[in-house]
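Below: the structure, in structure tokens.
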């Protein structure tokens with residue numbers, strides 16, 4: 001814990017992780033200290049390679065306190081405080097995660113100071129301006145707390161203040177229940193750390209709000225996380241916010257309240273959040289800046305398949321059962337890997353997991369990787385005994401030479417030519433020597449743009465057609481030897497192909513001489 005000091009103000013700051021890592025700055029809600037960003041949440045994020053910073057707003061925790069009912073600051077001050085913290089710590093830009101009022105603060109920073117924001121995550125927040133249309137008010141229970149007379153609290157009675165803090169949080173609970181024990185633990189920590197709890201629970205709501213901004217002006221990649229049962233900002237607020245922001249995804253949490261995601265939701269929230277934070281994009285002029293065009297196809301695929309997941313699942317249902325040649329190719333792959341060896345195989349771009357499941361039925365220790373959380377939700381439901389994880393083929397989580405095989409069953413079709421060499425190099429990196437790579441793709445020239453998914457809803461992504469010799473050359477350049485080629489429906493309007501390759505002993509050897517001729521098999 002440390003104090004950041006400026007203009008006679010002290011803000012308490014807590015940091016997790018290594019100083020050289022990219023920074024995630026957590027901005028709490030109104031009347032909340034940093035304690036509501038729990039240490040276990042912060043450590044979970046920092047354990048994945050981020051420096052996580054949380055801080056006490058003015059009048060909360062160990063930060064400078066005004067007297068109750070007389071805040072000596074404005075909403076504008078609450079907006080600039082996060083920037084003053086970054087300045088004092090020598091940090092040019094950060095990933096901002098804001099909850100409720102913190103989400104409003106983060107929106108203003110993203111619009112007014114875009115160069116300071118790598119990505120934006122808005123939890124249980126509402127549009128900070130613009131024209132979102134009519135949005136529903138808080139529930140009657142929450143509104144009743146606004147209208148009620150202030151409680152007669154002895155602010156010197158620790159137990160009474162903790163009870164009051166718990167009861168306030170109870171008003172904001174969702175339909176999935178209220179964790180009294182966890183809330184009481186956080187409340188007790190906050191009460192013990194806070195200079196003046198009466199000021200903490202009063203003053204933020206007396207200051208004028210910060211400046212309005214139009215969320216449509218936000219340029220940073222944004223993730224909205226919102227509950228279906230938020231009693232303060234009902235679900236329509238989160239959906240409106242996501243619709244207004246140009247480069248925005250949304251994750252709806254079933255039944256939680258107006259709160260930071262509880263531990264019961266972390267298995268859903270953390271992978272999605274990490275994928276969002278790891279986007280290879282950054283604000284103009286920042287260290288490590290990568291032009292957004294380099295990764296925009298990943299954003300398009302992520303968004304498109306999240307939108308179309310259920311309809312896509314219906315479309316591919318029974319696909320393997322109806323294609324003996326696809327099943328045969330997977331059986332050959334499984335036989336070469338060796339049944340029941342325990343060596344891991346990644347189904348990259350696994351979608352709804354039907355290939356992952358089939359490989360496991362063949363005795364292969366296969367797990368699925370996909371960029372779309374909605375697709376993985378279906379995969380986990382349909383194949384509960386299989387392991388699935390969020391990820392992209394451009395940055396696999398496996399260590400070097402860790403895998404015995406990779407299957408990319410038509411998942412490379414959305415990868416632009418400019419990214420294919422790097423994808424193949426990443427495949428080679430995680431495969432052991434002699435490991436197998438099975439890649440399926442559409443055959444032809446050019447690209448096809450999809451603007452409507454199977455559901456009829458608007459999506460936007462490209463599918464690239466390639467010839468086997470082109471894909472094979474990318475494989476050879478990355479350190480593979482192509483050992484077989486299967487042509488699917490070569491006389492049809494939509495032909496396909498499968499290439500099976502083996503990782504060379506030395507990845508660089510692929511560039512040393514002519515590649516061996518693959519075995520050609522035609523359907």
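At a glance:
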item: Residue that is nearest to residue 387 (Cα to Cα) [pool: residues in the range 223-253 that are more than 17 Å from the chain's Cα centre (by Cα) and assigned to a loop (DSSP other than H, G, I, E, B)]; result: 228
item: Qualifying residue in the range 156-166 (condition: assigned to a loop (DSSP other than H, G, I, E, B) and over 27 Å from the mean Cα position of the chain (by Cα)); result: yes
item: Only one of 13, 24 that is closer than 24 Å to residue 264 by Cβ and assigned to a strand (DSSP E or B); result: 24
item: The range 194-206, residues that are part of a helix (DSSP H, G or I) and surrounded by 17 or more Cβ atoms within 10 Å (Cβ to Cβ); result: 197, 198, 199, 200, 203, 204
item: Single unsatisfied condition, residue 186 versus (1) in a helix (DSSP H, G or I); (2) in contact with a strand residue (DSSP E or B) (Cβ under 6 Å, 6 or more places away or on another chain); result: (2)
item: Flag if residue 422 is free of Cβ contacts under 8 Å to residues at least 60 places away in the same chain, in the same structural domain as residue 400 (by TED's automatic domain parsing) and part of a loop (DSSP other than H, G, I, E, B); result: no
item: Meets criteria (on the phi > 0 side of the Ramachandran plot and in the same structural domain as residue 183 (by TED's automatic domain parsing)) for residue 255; result: yes
item: Where residue 494 falls short, out of the listed (1) modelled with pLDDT of 95 or more; (2) outside any strand (DSSP E or B); (3) under 35 Å from the mean Cα position of the chain (by Cα); result: (1)
item: Entirely in the range 37-129, the strands (runs of 3 or more DSSP E) that have 1 or more residues that are crowded, with 22+ Cβ neighbours inside 10 Å and without any contact (Cβ under 8 Å) to a residue 60 or more places away in the chain; result: 50-55
item: Residue list for the range 207-252, restricted to those being crowded, with 24+ Cβ neighbours inside 10 Å and farther than 21 Å from residue 94 by Cβ; result: 226, 227, 230, 233, 238
item: Top-ranked residue in the range 449-478 [being closer than 13 Å to residue 416 by Cβ and touching a strand residue (DSSP E or B) at 6+ places or on another chain (Cβ under 7 Å); ranked as surrounded by the fewest Cβ atoms within 10 Å (Cβ to Cβ)]; result: 449
item: Boolean, residue 149 is outside any helix (DSSP H, G or I), modelled with pLDDT under 90 and either more than 20 Å from residue 35 (Cβ to Cβ) or outside the structural domain of residue 25 (by TED's automatic domain parsing) (or both); result: yes
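The values are calculated or read from the model by the stated rules, or taken from the named source; none is laboratory data. Given the structure is predicted, the values throughout are model-derived calculations rather than measurements. Here the Cβ is made from the backbone with ideal geometry for all residues, glycine too, and neighbour counts use every protein chain on show.
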